[in-house]
Structures are given as C-alpha cells and as structure tokens.
Amino acid sequence: MHQQITIRPAVASDYDAVARITRDSYLAAGYFEDAAHPYMVKVQDVAQRAAQAVIWVAERGGTVVGSVTLAVAGEPYADIALDDELEFRMLVVDPAVQRSGAGRAMVEAIIGHARTLPGINAVALTTGQTWESAHGLYRTTGFRRVPDRDWFVPGTDIKLLVYRRDL
C-alpha cells in the first residue's frame, strides 16, 4: 500500500530536492544529455523559479517525491497559457518512485485549484513529443491534444506538444 501523497506549496527547504528531482527526471527521460545544458541549469535554479512562479511539491512520508510549476498568462513561466488557462510546467516525479501516483495526485490537485481561480476555464500544459508515460497520464486525467498550439523549443528542432483540459 502506498503512503498518502500530500500536495503543498514548496518552501525554501524543498528547493534542493526539487532541483535534484527535476534534474534526475529530465536526464532519465533522455531529454537532455547532461545537467550542464543551459536549460537544465535554469530549471535547477529553484529559488529563482520560485521568485517568479508558484511551485508545488508532492510529499510522501515526509519526503519530497515530485514537483510542478504553475503560471497564468503574462507571468514569466507561462509559455502557452491563454488568458483563461492555468498552465503547469516541469511536472516531475523522482525516477525512483515514478508510477506510484505522485504525478496523478499533482495533476488532480492542479485541476482542483484551477477550478477555484476566477476567470480560469481550463488547464494547459506542454510536454515532450516522446514522453509517452506523461501523455498517458494527461489523457487519463481528461486532457486533450491541441496540435495547432504545438511549438518548438527556440533555436532547436525539439517539438513540444500542447494539451488542454476544460474545467
């Protein structure tokens, strides 16, 4: 039986764990070859990210096992959010405990939170083209592909897929 997962706002003492989990999950997924890639350096600067966006963590048994970053249109971490959307980015789960419910718990908490925000009618996200397990999670939690909003990482040939879930 899995211990209960708690989703809560990140605090400064969580930042090292968030950086490690983000790094480890991105590298394990094969998205980047090493932690020195400029984007990897950026996503590991959790204090800087927290100054510009809302970060939540998933915690089980007192241990941070995942995190996600939330943004609305116009905020620095919003890549694709339309005016009526809550966007989430960098949803990561420690590779050691992936497929244990932490990702789903975060997605469900995001949807519940979005329903409380005035003017927000949907949740949107971007994911990597080859991240099949993530695609499955998003499909089973009610997200649908929005291919006309797909985009490329600037300066690369990496295509990112957009999903949206109406509330």
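The values are calculated or read from the model by the stated rules, or taken from the named source; none is laboratory data. Keep in mind it's a predicted model, so treat the numbers as computed, not measured. Reconstructed Cβ throughout: ideal geometry from the backbone, glycine too, with neighbour counts over all protein chains shown. These area figures cover heavy atoms from the full protein model, side chains too; ligands, DNA and RNA do not enter into them. Shrake-Rupley method; radii C 1.70, N 1.55, O 1.52, S 1.80 Å.
Which numbered condition trips up Val123, out of (1) of a type outside the set (Asp, Glu); (2) farther than 16 Å from Asp79 by Cα; (3) under 17 Å from the mean Cα position of the chain (by Cα)?
(2)
Which one of the conditions (1) at pLDDT 95 or above; (2) in contact with a helix residue (DSSP H, G or I) (Cβ under 6 Å, 6 or more places away or on another chain); (3) open to solvent by less than 30 Å² (accessible area, probe 1.4 Å) does Ser25 fail to meet, given that it meets all the rest?
With (1) at pLDDT 95 or above; (2) in contact with a helix residue (DSSP H, G or I) (Cβ under 6 Å, 6 or more places away or on another chain); (3) open to solvent by less than 30 Å² (accessible area, probe 1.4 Å) applied to Ser25, the lone miss is (1).
For the stretch 105-149, how many residues are modelled with pLDDT under 95 and of a type in the set (D, E, K, R)?
Final tally of qualifying residues: 1.
Filter the strands (runs of 3 or more DSSP E) completely within the stretch 44-139 down to those with at least 2 residues that are out of contact with any Pro (no Cβ under 6 Å at 6 or more places or on another chain) and surrounded by fewer than 19 Cβ atoms within 10 Å (Cβ to Cβ).
Working: elements: 54-60, 63-72, 85-93, 122-128.
Correct list: 122-128.
Looking at Gly74, Gly155, Gly66, can you tell me which residue is closer than 29 Å to Ser13 by Cα, free of Cβ contacts under 8 Å to residues at least 24 places away in the same chain and not aliphatic (A, V, I, L, M)? Walk me through how you get there before you give the answer.
Working: Gly155 fails: closer than 29 Å to Ser13 by Cα; Gly66 fails: free of Cβ contacts under 8 Å to residues at least 24 places away in the same chain.
Unique residue meeting the criteria: Gly74.
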